[in-house]
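Engineer: Got a structure for you, questions after.
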Amino acid sequence: MRYLMERSARLVVTLFLVSVITFMLVVLLPGDPALQVLGTDFTEADYLAVRDELGLDDPLPIRYVDWLGGVFQGDLGTSYRTNQPVLEAIVDRVPVTFQVMVVGLAIALLVSIPLAMIAAYRANTKTDTTVSTASLAMLSIPNFMLALILIFYLSVHLGWFPATGWVSFASDPVASLRATLLPALALAGAEIGVYTRLLRNDMIATLQEDFITLARAKGASTPRVLFRHALRPSSLSLATVLGVQVGVALGGSVIVETIFALPGIGRLLVDSIFQRDLMIVQGVVLFIAVVYVVANFAVDLLYGVLDPRIRKGSASATA
Amino acid sequence: MTTIPPHPPTDGQAPLLSVRDLKVEFDSPAGTITAVDGVSFELSAGRALGVVGESGSGKTVLSRVIMNLLTVSNKLPEQGEVRFRGQNLLTTRRKQLRKLWGDDLAMVFQDPMTSLNPTMKIGPQVTEPLLLHRKISRKAARARAEELLREVGIPEPGRRLNQYPHELSGGMRQRVTIAIALACDPVLLIADEPTTALDVTVQAQILDLLDRERTDRQMGLILISHDLGVVEGRTDDVNVMYAGRVVESAPTASVFKQPRHPYTASLIGSMPKIEDPSHTRLAAIPGHPPHPLNRPSGCKYAPRCQFAQPRCIEEDPALMPPTDEETDRGTACFFPPGTDRGEEALARNRAAGYTATGLELQPAEVS
Ligand SMILES: Nc1ncnc2c1ncn2[C@@H]1O[C@H](COP(=O)(O)OP(=O)(O)O)[C@@H](O)[C@H]1O
Ligand code: SF4
Ligand SMILES: [Mg+2]
């Protein structure tokens, strides 16, 4: 319980800092939002009216509080260009990004967990070296390269998957998953490399433990020893990186969604930056930061599930 | 190397466990490390064997190889054989071994802090061998686990099943590992220093528990310790190990009455005595065991031995009856303490003031 309170307090402080930084991002960026709203043809009075309406001349703390108050009511402002509410723009795009991320994560875990186990079980053999080399290679391929390779072979060459475009899951689940697979793979590539290497190393250490020998001395089979006894105690570093990886994947979605022409958050961010649509940029950045912070909060809670000693002990056990 | 079993099977049946010329080596960058060097012994059903020796003498490696449970990557193929009810475990397939492990063969480790899985509740850890080896429902296994915990002296066993290892004291955890070992009524239990990591007050309780369970279940027990006192009164026979060898093998009572190897004599000499005030510093045996990569070619104990003679540097003694009469025991020593040869050798060294290896002796010292 104390653990949960500590983590929650930390979450609130982090979210506060995130909100301040996101707010300042727009304030500090060059460019006058009022000019954007007005376009080219306006009078001095129009200009002052818009500045007043946007609250641009208020002191910063007041502007921050106003903005934050809006955020709490789900009002992230409206796009200067299209007048669409920022929240609506984000909510429209989120399912695409999340679907790709979740499928990518699932693929990465499904591939890397067994690979890491085999490598750890056969540590320092040819199998292990092969897996380690392959995962290092995966890690070194930039996601845009992997994306282009996948498009070239699997869609252009073999025609198995659409190269670009999006179908929503609600309208056609199968077509939607087909559209998801290549971008998800492009995101999963580096993740597979990271997870396999991490889990292999921790797993090798776990397999030296007495409780693993005891599990074998009970007559447990190798798969049972690996999955039932060794996986959980070996996955703390993996969980940590999983949290960080949410941020990496959101960042990666900017590139991957651009290449595959997917209408997700990443594309929204890129387009808004090019169009200098600062309200959208601010909203998306805030959204990504909040998702990232919350994901890492979830990882903190996951530690407690993975290792019961942390649940009871002080927070220093996780530091 | 020829050796004699201290207790040849009398009933004509194969003994429960028979270890023959067992040799275990490891590959290391500096050379081949011989951890177990030609060990032979037998254990009959229901009997208890103590294995005693300083740290590094090969006890843990021996115990794991007996179960064929040692899988470190730098281990070289074992030589010799380990027969369990006549079946050589060193050549038995892994799949067959898994049927024996946890069912007929069980093990208790030194450190209960590390031998239980920290991420699993006690319940599933105790029921695991039952579920693996018995056709039994999860519910029945749980009931049996509770019974087992009660049997090994754990209060509130029902509640313990839902606790994690870190919520229990060291002594309680060791009771849990014993309950796990006993779950499927093994015929052979190997306990590798089961009390070394525990408080002195808890040690006796755990040893008594093992002793009681062995008697009740007619189970064979190998009790490993670096402390001769642990096996005294709790084992039928004892093997004293030094540098990977068994240097003395005898009924436990005989060993304490008259050790026939200088190393055993020193171990007994360094045991705390009841008349000593508690906290007297123990007289540790001077010197160190030889480094496994650099063992003397003659008797491995010669550099520390007060009896050492020139022959001990030249020749490597095999395990043999110490005298013509004492056919139930063996010693790997040319000059066994308490025999004429031995006492003459010691007297010679005392007179000279040093041994054949140059170890200085205080003339006043009485062995
Ligand atoms: N995997 C290994 N590689 C190299 N040497 C080892 C290995 N395991 C054990 N040894 C060596 O074997 C010897 C016996 O070790 P061990 O059986 O643990 O002794 P004990 O249990 O009597 O203290 C020691 O010298 C130890 O260093
Ligand atoms: S007397 Fe010789 S053979 Fe016997 S233990 Fe001493 S050195 Fe070894
Ligand atoms: Mg040991």
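Engineer: Volume per residue, Å³, of the convex hull around the alpha-carbon atoms of region A:110-226?
Structural biologist: Per residue, the Cα convex hull of region A:110-226 comes to 134 Å³.
Engineer: Sticking with this structure for a sec: Probe 1.4 Å, all protein chains in place: accessible area of B:R144 in Å², nearest 10?
Structural biologist: Counting only protein heavy atoms, B:R144 exposes about 60 Å² to solvent.
Engineer: Sticking with this one: Can you tell me what percent of all Cα-Cα pairs in region B:112-184 are more than 21 Å apart?
Structural biologist: Result for the distance tail: 14 percent.
Engineer: Putting +1 on Lys and Arg Cβ atoms and -1 on Asp and Glu Cβ atoms, find which of B:T119, A:V26, A:L76 reaches farthest to the positive end of the dipole of the protein assembly as shown.
Structural biologist: Sorting the options by dipole projection puts first B:T119.
Engineer: Might you report the magnitude of the Cβ-based charge dipole of chain B about its Cα centre, with Lys and Arg at +1 and Asp and Glu at -1, to the nearest 20 debye?
Structural biologist: 1620 debye
Engineer: Further question: Just order A:31-43, B:299-311 by mean Cβ neighbour count inside 10 Å, highest at the front, would you?
Structural biologist: My ranking of the peptides, most packed first, is B:299-311, A:31-43.
Engineer: Filter the cross-link list A:K218/B:K139; B:K95/B:K135; B:K75/B:K135; B:K23/B:K59; A:K218/B:K95; B:K99/B:K135 down to pairs whose alpha-carbon distance in this structure exceeds 24 Å.
Structural biologist: Exceeds cut-off: B:K75/B:K135.
Engineer: When ranked by the protection proxy of mean other Cβ atoms within 10 Å per residue, highest first, what sequence do the peptides B:319-330, A:209-220 form?
Structural biologist: So the order, starting with the most tightly packed, is A:209-220, B:319-330.
Engineer: Still on this structure: What are the extents of the Cα atoms of chain B along their three principal axes, listed from largest to smallest and rounded to whole Å?
Structural biologist: Computed over chain B, the largest-to-smallest principal extents equal 72, 49, 47 Å.
Engineer: Lone cysteines in chain B, going by a 4.7 Å Cβ-Cβ cut-off?
Structural biologist: B:C184, B:C305, B:C333
Engineer: Would you list the P(r) distribution for the protein assembly as shown, with all Cα-Cα distances sorted into 10 Å bins from 0 and each bin expressed as a whole %?
Structural biologist: 3, 12, 17, 17, 14, 11, 9, 7, 5, 3, 1, 0, 0
Engineer: Next question, about the same structure. At what distance in angstrom do the alpha carbon centres of region B:300-366 and region A:211-261 lie from each other?
Structural biologist: One Cα centre to the other: 60 Å.
Engineer: Turning to a different aspect of this structure: Once you've got the GNM for chain B with C-alpha springs shorter than 10 Å, pick whichever of B:A318, B:A197, B:A140 has the biggest mean-square fluctuation.
Structural biologist: B:A140
Engineer: Can I ask one more? For region B:11-134, report the translational diffusion coefficient in µm²/s to the nearest whole number, using Stokes-Einstein at 4 °C, 1.567 mPa s, and a Kirkwood Rh over Cα pairs.
Structural biologist: The estimated diffusion coefficient comes to 80 µm²/s.
Engineer: Looking at B:F41, B:Q110, B:T355, which one has the Cα that reaches farthest to the positive end of the dipole of chain B (charges on Cβ: Lys, Arg +1; Asp, Glu -1)?
Structural biologist: B:Q110
Engineer: Report the Cα centroid-to-centroid distance between region B:24-97 and region A:4-49 in angstrom, as an integer.
Structural biologist: 71 Å
Engineer: For A:F169, B:F334, A:F98, give me the order by solvent-accessible area with a 1.4 Å probe, most accessible first, ignoring ligands, DNA and RNA.
Structural biologist: My answer, sorted largest first, is A:F169, A:F98, B:F334.
Engineer: Taking the 0 to 90 degree range and rounding to the nearest ten, how far is the long axis of helix B:200-217 tilted relative to the main principal axis of chain B, both from C-alpha atoms?
Structural biologist: Around 70 degrees separate the two axes.
Engineer: Turning to a different aspect of this structure: Just need the relative contact order of chain B here, percent rounded to a whole number, with Cα pairs under 8 Å and 6+ apart.
Structural biologist: Rounded, it is 19 percent for chain B.
Engineer: Counting partner chain Cβ atoms within 10 Å of every residue's Cβ in A:110-123, what's the average?
Structural biologist: 0
Engineer: Give the Cα extents of chain A along the principal axes, in whole Å, largest first.
Structural biologist: So the three principal-axis extents are 84, 56, 33 Å.
Engineer: Relative contact order of region B:25-109, please, whole-number percent, based on alpha carbon pairs below 8 angstrom and at least 6 residues apart.
Structural biologist: The value is 26 percent.
Engineer: So, one more: Averaging the inverse of every distinct alpha carbon separation and then flipping it gives the Kirkwood radius. What is it for region B:196-262, in angstrom units?
Structural biologist: 13.1 Å
Engineer: How large is the accessible surface of B:Y354 in square angstrom, using a 1.4 angstrom probe and rounding to the nearest 10?
Structural biologist: The accessible area of B:Y354 comes to roughly 130 Å².
Engineer: Calculate the translational D of region B:305-367 in whole µm² s⁻¹ from Stokes-Einstein, where the hydrodynamic radius comes from the Kirkwood formula applied to all Cα pairs, the temperature is 10 °C and the viscosity 1.306 mPa s.
Structural biologist: 130 µm²/s
Engineer: So which helices of chain A fit the span-like rule, where a helix is a whole DSSP H run, its Cα atoms reach 24 Å or more along the axis, and its mean Kyte-Doolittle is at least 1.0?
Structural biologist: A:2-28, A:86-121, A:236-259, A:278-306
Engineer: Where is the GNM fluctuation largest for chain A (alpha-carbon springs, 10 angstrom cutoff): A:S234, A:S155, A:S19?
Structural biologist: With Cα springs under 10 Å in chain A, the top fluctuation among A:S234, A:S155, A:S19 is at A:S155.
Engineer: If N is the number of residues in region B:118-266, what value comes out of its Cα radius of gyration divided by 2.2 N^0.38 Å?
Structural biologist: 1.18
Engineer: Run a plain Debye calculation on region A:1-145 (Cα atoms as equal point scatterers, no solvent) and give log10 I(q)/I(0) at q = 0.09, 0.12, 0.14, 0.16 Å⁻¹, rounded to two decimals, same order as the q list.
Structural biologist: The calculated log intensity ratios at q = 0.09, 0.12, 0.14, 0.16 Å⁻¹ are -0.58, -0.81, -0.93, -1.03.
Engineer: State the extension gain, in nm to one decimal, for the chain segment bounded by B:A347 and B:L76, taking 0.36 nm per residue of separation less the distance between their alpha-carbons.
Structural biologist: 93.2 nm
Engineer: Whole number please: convex hull volume per residue, Cα atoms of region A:52-130, in Å³.
Structural biologist: Expressed per residue, the convex hull around the Cα atoms of region A:52-130 is 188 Å³.
Engineer: Let me ask something else about it. Could you run the Debye sum over the Cα atoms of region A:239-319, one equal point scatterer each and no solvent, and tell me log10 of I(q)/I(0) at q = 0.17 Å⁻¹, two decimals?
Structural biologist: -0.71
Engineer: In addition: Find the relative contact order for chain A and round it to a whole percent, using C-alpha pairs within less than 8 Å whose residues are 6+ positions apart.
Structural biologist: Value for chain A: 25 percent.
Engineer: Here is a follow-up. For chain B, modelled as a Gaussian network with Cα springs under 10 Å, which listed residue fluctuates most, B:D192, B:D37, B:D27?
Structural biologist: Result for chain B, Cα springs under 10 Å: B:D27 fluctuates most.
Engineer: Also: Can you give the average number of partner chain beta-carbon atoms within 10 Å of each beta-carbon in peptide B:83-96, as a whole number?
Structural biologist: Per residue, the average neighbour count from other chains is 0.
Engineer: On to the next question. Compute the Rg to Rh ratio over region B:65-160 from the alpha carbon atoms, using the Kirkwood formula for Rh, and round to two decimal places.
Structural biologist: 1.03
Engineer: Same structure again: Any idea which of A:A45, B:V51, A:G251 is furthest toward the positive side of the dipole for the protein assembly as shown, if Lys and Arg beta-carbons carry +1 and Asp and Glu beta-carbons -1?
Structural biologist: B:V51
Engineer: Can you check how the C-alpha radius of gyration of region A:176-319 compares to 2.2 N^0.38 Å, as a plain ratio?
Structural biologist: Region A:176-319 yields a ratio of 1.36.
Engineer: Also, I was wondering about something else. If you place +1 on the Cβ of every Lys and Arg and -1 on the Cβ of every Asp and Glu, how big does the dipole about the Cα centre of region B:1-159 come out, in debye to the nearest 20?
Structural biologist: 920 debye
Engineer: If you take the C-alpha gyration tensor of region B:187-319, multiply each eigenvalue by 5 and take the square root, what semi-axes do you get, largest first, in whole Å?
Structural biologist: Over the Cα atoms of region B:187-319, the semi-axes work out to 29, 19, 14 Å.
Engineer: A further question follows. Please report, as a whole percent, how much of the solvent-accessible surface of region A:213-263 comes from carbon and sulfur atoms (probe radius 1.4 Å).
Structural biologist: Answer for region A:213-263 is 72 percent, counting heavy atoms of protein chains only.
Engineer: How much solvent-accessible surface does B:C333 expose, in Å² to the nearest 10, with a 1.4 Å probe and all protein chains in place?
Structural biologist: 30 Å²
Engineer: Determine the shielding of peptide A:198-211 by partner chains: average, over its residues, the number of Cβ atoms on other chains within 10 angstrom of each Cβ.
Structural biologist: Mean shielding by partner chains, rounded to a whole number: 2.
The values are calculated or read from the model by the stated rules, or taken from the named source; none is laboratory data. This one's a predicted model, so the numbers in the text were calculated from it and none came from an experiment. Every residue, glycine among them, receives a Cβ derived from its backbone with ideal geometry; neighbour counts consider all protein chains shown. Accessible surface is based on the protein model in full, side chains and every heavy atom, while ligands, DNA and RNA are left aside. Shrake-Rupley method; radii C 1.70, N 1.55, O 1.52, S 1.80 Å.
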